[in-house]
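The values are calculated or read from the model by the stated rules, or taken from the named source; none is laboratory data. Computed from a predicted structure; not experimentally measured. Note: ideal-geometry Cβ built from the backbone for every residue, glycine included; neighbour counts use all protein chains shown.
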Amino acid sequence: MTRVRRIPPGKTIGILGGGQLGRMLAISARQLGYRIGVFTSEVNSPGAQLADEVIVAPYEDLSAVHRFAQRVDVVTFEFENVPASAAKIAQERVPVWPDPTLLFVAQNRIREKSEVQRAGFLVTPFAPIRSVADLEPALKRVGPKAVLKTATAGYDGRGQGIVSSLEAAEEMYAELGYGECILEAFVPFERELSVVVARGQTGELVDYGVFENAHVDHVLDCSVSPPRIEPRVEEQARLLARTVAERLELVGVLCVELFLSPSGEVLFNELAPRPHNSGHLTIEAYSASQFEQQLRAVCGQALGSVHRRAPAAAMVNLMGELWTYDLDGAIVREPDWQSMLKHRACHLHLYGKRTPRLGRKMGHITTLAETPELALQKALAARSALLAAA
Ligand SMILES: Nc1ncnc2c1ncn2[C@@H]1O[C@H](COP(=O)(O)OP(=O)(O)O)[C@@H](O)[C@H]1O
Ligand SMILES: [Mg+2]
C-alpha cells in the first residue's frame, strides 16, 4: 500500500500540460483553495490563463521541468504524452500522480491493449506494425477493413486512418512516417462507451457509470449519461475500468474508451490516464466532478461523492467549425453567443483559446434533464443556436 502523501489546500498543484483539461482542473483547484502551476510547451494556453505560476518550455527541457518541480508541491498531468524522463525528473522532488509507470503503459496503444488483454478482457483485435513487411500478415489477421494508428502520440483522431487493402495500408503507413503502429480490426460498433474512474492513494475507487459517446470524424461530438444499454453491458464496462485502475495502481483519474460490438461484446479501445472529454458532464451532473476527483486523489484526500444531481445529462462539443472563416483563414463570423445563452438551462464552457481552427475543441455545452434523449435534444438545440442567422 502506498504511503499517503497529503497535500492540504493552500499548497501548489503542478499540472503538466496547458490544455482545456488543465484549465478545468485549475478551476476546480481554485475552488478548493489550491494554488496552480502549469508547465506547457504552448504560449497563452487555456490552463496557463488560470495558473499562479507558468513555465513555457518544451517537455524535453529537463532543467525547466526541474525548476517547475521546485515551485510546486505535487505534479499531475492533463496530457499523457509527456516524456517519461520529464515525469521522472519531477518525481525526484515531489510526488507525481499517476505514477510514470502507468504513463508508460497508457502512452502506447500496443502496451495498453496487451495489458487489458492480460487482465482478461476483450480488446479490439490488433497487430503491432513495426515494418512494411508486418502489414500483409496483420491485414490477413484483422482485416479486410482495418484502422492503422500510430502506437504513440495520436489524439482526437490524428495519426490514424481506415484502410481496406494492402496498398491503402502501405500508403497510410508511409503517411504516418513508418514509425511503430498498430493495425486494428475496424469495429462496426453498435455504440461507443466510456467509463471514468477515480482512485485515491488508499485504494478507494469510484466511477460515474458508463457514458455513451458519439464521434464525428473520429473526434468526440457528444456524450450522454446514463447510457441506453443493457445492465449486463454496463456492469461489464465498469468492471473493466475498475479492474484496469486497480491493476495499474492508479492514483488520479482514468478513462477507458470502449466499443459495444454488434453481438453485444464490450471491446476495449484505449485508455487515458487523466480526465476525459466524455467526463465533462460530471461538472454539472455529479456532486464531485472528474477534475475534483483528480485533485483529491493526487492530494491524498478522500474522494468526492459521485451522487448524481439529475436523472440524465448530455454534453456536446463546440469545435472550430462553428466559426466562419474567409479563404485566408481569417474569422469573418463568431458563433452567435447571444442566441445560445437564451437557452438558459444550458451550461456553456469556453476554453479561452485565442485562435479557433477547424478540428479544434473550443468549448462544450452541458445540459441536465429527465432523460438522456431530452438532455441531448436541449444541448443540440443550444449548439444550433450558435449558427443562428446573423
Ligand atoms: N478499430 C476501430 N473501429 C472502428 N472505429 C474506430 C476504431 N478505432 C478508432 N475508431 C474511431 O475513431 C475514434 C478515435 O480513435 P481512438 O483510437 O480513440 O484515438 P484517439 O486517441 O484519437 O481518441 C474512436 O472513438 C472511434 O470513433
Ligand atoms: Mg479515443
Specify the residue that is surrounded by the most Cβ atoms within 10 Å (Cβ to Cβ); the eligible residues are those in the range 352-371 that are under 15 Å from Q20 (Cα atoms) and β-branched (V, I, T). I365
Does P275 count as under 10 Å from the mean Cα position of the chain (by Cα) and either at pLDDT 95 or above or acidic (D, E) (or both)? yes
Taking the residues in the range 239-280 that are without any contact (Cβ under 8 Å) to a residue 60 or more places away in the chain and crowded, with 19+ Cβ neighbours inside 10 Å as candidates, determine which candidate is farthest from R5 (Cα to Cα). A241
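Residues to consider are P226, P144, P231; find the one that is away from ligand 2 (no atom under 16 Å from the Cβ), assigned by TED's automatic domain parsing to the domain that holds P275 and either more than 30 Å from V316 (Cβ to Cβ) or touching a strand residue (DSSP E or B) at 6+ places or on another chain (Cβ under 7 Å) (or both).
Result of the check over P226, P144, P231: P226.
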Any residue in the range 105-117 that is over 16 Å from I129 (Cα atoms) and not assigned by TED's automatic domain parsing to the domain that holds E246 sitting within a Cβ distance under 7 Å of a residue that is modelled with pLDDT of 95 or more and charged (D, E, K, R)? List the pairs, counting only those 6 or more apart or interchain. V105/R111; V105/E112; V105/E115; A106/E112
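So, restricting to strands (runs of 3 or more DSSP E) that lie completely within the range 325-378, which ones have at least 2 residues that are under 14 Å from A312 (Cα atoms) and of a type in the set (A, V, I, L, M, F, W, C)?
Working: elements: 331-333, 347-350, 361-369.
Here the list reads 361-369.
Would you kindly identify the strands (runs of 3 or more DSSP E) lying entirely within the range 52-167 that contain at least 2 residues that are within 19 Å of the chain's Cα centre (by Cα)?
Details: elements: 53-56, 74-77, 126-129, 146-150, 160-163.
Here the list reads 74-77, 146-150.
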In the range 168-198, anything part of a loop (DSSP other than H, G, I, E, B), surrounded by fewer than 19 Cβ atoms within 10 Å (Cβ to Cβ) and more than 12 Å from ligand 1 (Cβ to nearest atom) is listed as G177, Y178, G179, E180
So, first residue without any contact (Cβ under 8 Å) to a residue 12 or more places away in the chain and within 14 Å of L139 (Cα to Cα) in the range 152-168, second residue more than 10 Å from ligand 2 (Cβ to nearest atom) and assigned to a strand (DSSP E or B), Cβ within less than 9 Å, six or more apart or across chains; the pairs are A168/L148; A168/G161; A168/I162
Leading residue by the ranking (farthest from ligand 2 (Cβ to nearest atom)) among those in the range 148-163 that are modelled with pLDDT under 90 and surrounded by fewer than 17 Cβ atoms within 10 Å (Cβ to Cβ): A153
Go through the range 28-40 and give me each residue that's closer than 26 Å to P356 by Cβ and either of a type in the set (F, W, Y) or surrounded by fewer than 16 Cβ atoms within 10 Å (Cβ to Cβ) (or both). R30, F39
Per-region count, the range 332-342, residues within 22 Å of H280 (Cα to Cα) and either buried (at least 19 other Cβ atoms within 10 Å of the Cβ) or in contact with a Ser or Thr (Cβ under 6 Å, 6 or more places away or on another chain) (or both): 2
If you scan the range 284-307, which residues turn out to be surrounded by fewer than 22 Cβ atoms within 10 Å (Cβ to Cβ) and part of a helix (DSSP H, G or I)? E284
Can you find a residue that is touching a Gly at 6+ places or on another chain (Cβ under 9 Å) and away from ligand 1 (no atom under 15 Å from the Cβ) anywhere in the range 140-163? no
Hey, A381 buried (at least 19 other Cβ atoms within 10 Å of the Cβ), modelled with pLDDT of 95 or more, closer than 19 Å to L281 by Cβ and of a type outside the set (S, T, N, Q) or not: no
